[in-house]
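Written below as structure tokens is the structure these notes are about.
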Amino acid sequence: SCIAGLIIKQNLNLPIVFHIHSTEQQRTGDGSQTIKTLEKEMGEKANSIITVSYSMKEHLISLGYPQEKINVVWNGCDTDKYKLENVNWRLVEELKRKYNIREGEKIVFFIGRLTFVKGVENLVLSFPLVLKEFPNTKLIILGKGEEYNSIVELIKRFNIEDKVIIRSEFVSEEERIAHYALSDVCVFPSFAEPFGIVSLEAMAMKKPVVVGASGISGFREQVIPEGEEQTGIHINGKNPEDIAWGIKEILKNPERAKKMGENGRKRVEETFNLDVLARNTLFLYEKITKN
């Protein structure tokens, strides 16, 4: 898309808005010099840059992108679709049978790509620490990725096959929503996440969340970690002990967890509503075209 944008800018001189959800440096560490150069040149030639979090804005500035061009428009969530009242509860019961979830068991849920930066291996490493205090708990991991085999090996090494369910396949959005509905806490221990829509989806479903908040983290801006409006817990996704602490903090106080879930729903409705975010984006486009 950078190549197309640069050609359009050079030949037609039309206003260009460059949306950046991640950079080559953030995706791969060092990565391709060619891609880094193209991204940087597109940032310099664009009339405006839109990125998805203030954390990403700081990252772009650190790479030398023009600060005055960078605008932040958060991603959003469909609060009508991700709503407990609209869940297919028959499907939820089918999933409980599929996963052999017994009455009273607590469910910790992760959904996302099984890649290094998502912190899933550290989540598995944290789970024996959770089980010591909360033995009546299961972890469900839903996602595909290159870390699948190593995650399975970790589960076997710690002899927790009966406590950790890993399902490496794509599912329908209805089934995705049903997984949120059956969970007690959703955990996303990423240590590089420009935004992270999954935490919005979980909060919209009134679920407390435990999120990685170090490094480049859009989660840090979404999730309120303390006070009357608390929606979840911030942790260091590189530290299994810290992940375990966050999960246990939520499991040990069901009333507090319920309040976090209610706060989360309210926050998504008020701050991450799709209509509001669409208007913010359109405003920036109109500003560019008028100028």
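Side notes on the structure shown:
- Selection from Pro15, Cys2, Leu63 lying farthest towards where the dipole of the stretch 1-137 points positive, charges on Cβ: Cys2
- Burial ranking of peptide ranges 243-255, 153-165 (average Cβ count within 10 Å, highest at the top): 243-255, 153-165
- Cα-centred dipole magnitude for the stretch 84-173, charges only on beta-carbon of K, R (+1) and D, E (-1), debye, nearest 20: 140
- Of Lys98/Lys248; Lys118/Lys207; Lys36/Lys69; Lys40/Lys206; Lys163/Lys238, those spanning more than 30 Å from alpha-carbon to alpha-carbon: Lys40/Lys206
- Each residue of the stretch 34-43 was assigned a 3J(HN,Hα) from its phi angle through the Karplus expression (A = 6.51, B = -1.76, C = 1.60, θ = phi - 60°), giving 4, 5, 4, 5, 4, 4, 5, 5, 5, x Hz with x at Gly and Pro.
- Lys, Arg +1 and Asp, Glu -1 on Cβ, resulting dipole of the chain about Cα centre, debye, nearest 20: 120
- Between the stretch 104-181 and the stretch 1-78, the C-alpha centres lie 34 angstrom from each other.
- The stretch 84-271: C-alpha gyration tensor shape, a/c 1.5 cut-off, then a/b vs b/c: rounded
Where a number appears in this text, it was derived from the coordinates with a stated rule and is not lab data. Everything quoted here is computed from the prediction, not taken from an experiment. Positions of Cβ are generated from backbone atoms using ideal geometry, with glycine treated the same way; all protein chains shown enter the neighbour counts.
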